[in-house]
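Here the structure comes first, spelled out in structure tokens, and everything after it is commentary.
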Amino acid sequence: MASASLFSRLILRRMEPADISAVVEVERSAFGHNWPATAFERELTQNRMARYVVLDTGSEIAGFGGIWLMVDEAHVVTVAVPPRYRRHGLGRLIVHGLVQLAQCEGMLDATLECRVSNTAARALYARYGFYEVGLRPRYYQDTQEDAVVMTTEPLASEPYQRRLQRLEEELAVMLPGVSNRVAGCCVPAAGRG
Ligand SMILES: CC(C)(COP(=O)(O)OP(=O)(O)OC[C@H]1O[C@@H](n2cnc3c(N)ncnc32)[C@H](O)[C@@H]1OP(=O)(O)O)[C@@H](O)C(=O)NCCC(=O)NCCS
């Protein structure tokens, strides 16, 4: 069971090469399969479009996520929280950080694909204003499952900013004392002041 004191030391920060072995373990526990460490290394060192974050408890990695910056659209590549830490708001915190990071990087909106059967992730993304715009039939090679395509309204729009503000307030209650910003990254222009 996750303890409140563990979460009180949580920091959302950019993923570093030294995190990769822990991230691979989180991915295995979250998805039951994993990218090899070399794939994460390539993402961090060679893919200039990639931005990854981790949730650091001070003693372990309690989740991670990533986006690709596709011209002016952020593509959510992955979000994962180990089973033992789920339903405490950590998924929200990661998506919150990714959305803010996307905005800091000048992205206008965000998009993603998600397995049709992944009701937890679809609900999480829906909280962050992702809505369904289409299906990619048999997108996932392992099971031939369809992907639902989801996208957001413009991130800088007033309704979206209001949504982020509300979610920020909810996060402050769920994870008191934990910053919802990616450490060391800019404050999105529309969120200043
Ligand atoms: C999806 C995932 C990241 C959610 O992480 P989490 O830390 O449990 O998420 P949170 O506690 O922040 O929950 C946020 C919202 O997601 C939704 N949600 C999360 N788990 C859910 C579940 N089992 N059933 C239905 N909705 C769920 C809810 O809307 C929830 O908000 P609420 O608690 O206010 O109702 C986690 O389940 C996971 O790692 N799954 C495996 C990997 C994966 O599928 N990643 C996404 C695809 S790339």
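Every number here is computed from the coordinates shown, using simple stated rules; none is lab data. Bear in mind that the values here come from a model prediction, so they are computed numbers and not experimental data. With ideal geometry, Cβ positions are generated from the backbone for all residues, glycine too; neighbour counts draw on all protein chains shown.
What the phi angles of segment 97-111 give under the Karplus curve with 6.51, -1.76 and 1.60, with θ = phi - 60°, is a coupling list of x, 5, 5, 5, 4, 4, 5, 4, 7, x, 6, 7, 8, 9, 9 Hz, glycine and proline written as x. Within the chain, the cysteines lacking any other cysteine Cβ closer than 4.7 Å to their own Cβ are Cys114, Cys185.
Taking 0.36 nm per residue of separation and subtracting the current Cα-Cα distance, fully stretching the chain between Glu158 and Phe31 would add 42.2 nm. Comparing Arg14, Arg163, Arg136 in a Gaussian network model of the chain, where Cα atoms under 10 Å apart are tied by springs, the biggest mean-square fluctuation is seen for Arg136.
Computed over the Cα atoms of segment 1-99, the ratio of the radius of gyration to the Kirkwood radius (Rg/Rh) comes to 0.95.
Scaled against the 2.2 N^0.38 Å expected of a compact globular protein of N residues, the Cα radius of gyration of segment 4-178 reads 0.99. Normalised by the number of residues in segment 1-96, the mean separation of alpha-carbon contacts (under 8 Å, six or more apart) gives a relative contact order of 29 percent. Size of segment 117-193 from its Cα atoms: along the principal axes, largest to smallest, the extents are 46, 26, 22 Å.
Helical content of the chain, expressed as a calculated mean residue ellipticity at 222 nm, amounts to -10500 deg cm²/dmol (DSSP H runs of 4 or more residues, -39,500 (n - 2.57) each, divided by residue number, nearest 500).
Working from Cα pairs under 8 Å separated by at least six residues, relative contact order for segment 4-178 is 19 percent.
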